[in-house]
Amino acid sequence: MKTNKKDTEFILPLSSLGGRDNIVKVNNCATRLRLEVVNADKVDVKEIEKYYPSVLKISPTEVHIVGTNANLIAESLEKLLSSNSDSLNNLLDLIPLLGGRDNIVKVNNCATRLRLEVVNADKVDVKEIEKYYPSVLKISPTEVHIVVGTKASSLAESLDKALSSNESSPNNLLDIISLVGGKENIVKVNNCATRLRLEVVNADKINEEKYYPVVQKISPTEVHIIVGTKAFELADELKKLLDK
């Protein structure tokens, strides 16, 4: 995370805080985000501690996140909460949970739902998506509805843009290596369930979001690429290629 004020961003998806509706108020001291929430039990401590040193549940409605640049991160989070841009950020996070770009055939909506035509509804991660939105319904093996409320039309439009804004996935790992600044820029390859976690020499060399929906620069030397459930396979293949 950069320290320059204009570049500082709150890098966590709102789902890790229990969703937008769970956040009542944002405060901070020198080293902590101080969040007033509806329900502290909805805050995903383990996920947040992948990014920040410590998460403290002070009470059933108060959570502190310990980290540097707390005032800048608080300012960024407040802007995210007060703007409409978070819907696109959440949708970018949502694409891997829908089974990836290749699983999404068509996006429609009604007054309160995203209506998605998909290749395989079983690839849709219902439990994870419901951290973002109230309900997910598998209507048929190729149709999924996500209940989002009155913002359905704008979310459908944003998802369409997100799907059309990036090219398809790289054909091979050499493409990925070039996107992350070349072999000499890669120090170490790790992964979690849905992400490549790369330790790099210089994160500024990363070609952000050219192929994959979300690329997060965690620090000047760490980058996460959300690739969906194939993260382990990609990480393993990338390690082998780099070893050669």
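Please treat every number below as a calculation from the coordinates, not as lab data. Quantities reported herein were computed from a predicted structural model and do not represent experimental measurements.
Using θ = phi - 60° in the Karplus curve 6.51 cos²θ - 1.76 cosθ + 1.60, the 3J(HN,Hα) couplings for the range 115-128 round to 10, 10, 8, 10, 6, 8, 5, 5, 7, 7, 8, 4, 4, 6 Hz; x is entered for Gly and Pro.
For the range 191-200, backbone phi angles converted through the Karplus equation (6.51, -1.76, 1.60; θ = phi - 60°) give residue-by-residue couplings of 7, 10, 4, 10, 10, 7, 10, 10, 8, 10 Hz, Gly and Pro being listed as x. Which pairs in the list Lys46/Lys239; Lys46/Lys188; Lys188/Lys217; Lys131/Lys151; Lys25/Lys79 are over 19 Å apart, alpha-carbon to alpha-carbon? Lys46/Lys239; Lys46/Lys188, as the Cα separations exceed 19 Å there.
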